[in-house]
Amino acid sequence: MKFRAVITDTLCMRELLDIVTTFSRINRNIAINIQPTKVLIQIDGEVEAGQCLWCEIDASDRNGFFSEFVMDGVDKEHNQIYLMAAATNLVQALSYTKNNSMDYVKLKLVKTDVACLAVEMSGIVHNESDIMNPKVQHQIPVTVVPRSEWHNFSLPLDMVYDLTVLLPSVKSLKGLMDKKKNMSPSVTIYATLAGELSLVVETDVVTVASHFKGLQCARGKPPGAADELEDESLEAACKVDAKKLSTLLESVDFCETKMIANIKNEHLLKIKFELREKAFMNFILPAVDFE
């Protein structure tokens, strides 16, 4: 197995730090799935329970996120690599990119006494009154996941949803959910094809709803499905865990990004954060019933 990737764009370096920081606030460990054309980062744990968080970064365009990307998987038939790592270790290694001007960040799979993900970077580092141009290196211990366990990390990439709606800003939803999570263990997300969105919590005493109108909304369709006459009365709803949704919104480090919700009626809520054209993060919450 072999893996080496180089990032030379400063914005991409900081986006990678923001992504890993978000993951570290939700789960201690992350899984990194390296494929020939993309890298998937996801929270540790089986996804059978329905909840999952993952980020997909395109690796096919050398003018995109990675300026260099080389990998060889387990074998030609299974050309992938799965690594497990502590998210906080990767955050610490990448933290130099936050306030310093780095020329590059290199990620490389190496083996010393144990398998490690080496993180190397070089650039201008401001240290109090001094300005240095050092080469910074970290070696993060990783566990190579055997192929027999890859199925534990399968993601619902081909799910078809009933409605897709462009959400308001992270900041506005974060404030709403911070209040609603203390009122009820669940919140129901309603959307209509007419571009209306509602966040509703219900208690024995009161029902509190927040409404948004004029949002971009579309009907979910399987790939290649023929266009149909759109009925603006079409709606979809999903009741999800309020604290888990609030935790996600509090954890994200990229507040200005486009945020899209996909709703499978009474089944799943997916929120997609579009970081750039070929890098995005997805969070899926299953429907719940606390009654």
statement: Quick calc: nm separation of the 7 Å Cα→Cβ label points for Leu234 and Trp150 -> 3.6 nm
- prompt: Separation of segment 36-89 and segment 173-204 by C-alpha centroid, Å?
  reply: 33 Å
- prompt: Pick from Val206, Val74, Val170: which is most flexible by mean-square fluctuation in a GNM of the chain where alpha carbon atoms under 10 Å apart are linked?
  reply: Val206
statement: Taking every other residue with Cβ under 12 Å from the Cβ of Met259 and scoring Lys and Arg +1, Asp and Glu -1, one gets +3
message: Strictly greater than 23 Å: what percent of every Cα pair in segment 1-160 meets that?
response: 38 percent
- line: Taking segment 97-218, the lysine pairs whose C-alpha atoms sit under 23 Å apart (8 or more places apart or on different chains) add up to 15
message: In the chain, if the dipole is taken from +1 on Lys/Arg beta carbons and -1 on Asp/Glu beta carbons about the Cα centre, which of Thr8, His138, Val200 is farthest to the positive end?
response: His138
message: Just to be sure I understand: with springs between alpha-carbon atoms less than 10 Å apart, which residue in Thr164, Thr21, Thr37 has the highest mean-square fluctuation in the Gaussian network model of the chain?
response: Thr37
Gyration tensor (Cα) of the chain, equivalent ellipsoid semi-axes in angstrom: 36, 22, 18
message: What's the magnitude of the charge dipole for the chain around its Cα centre, counting Lys and Arg as +1 and Asp and Glu as -1 at the beta-carbon? Answer in Debye, nearest 20.
response: 760 debye
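Bear in mind these aren't lab numbers, they're just calculated from the coordinates by the rules spelled out. Predicted, not measured: the structure shown is a model, and the values here were computed from it. Reconstructed Cβ throughout: ideal geometry from the backbone, glycine too, with neighbour counts over all protein chains shown.
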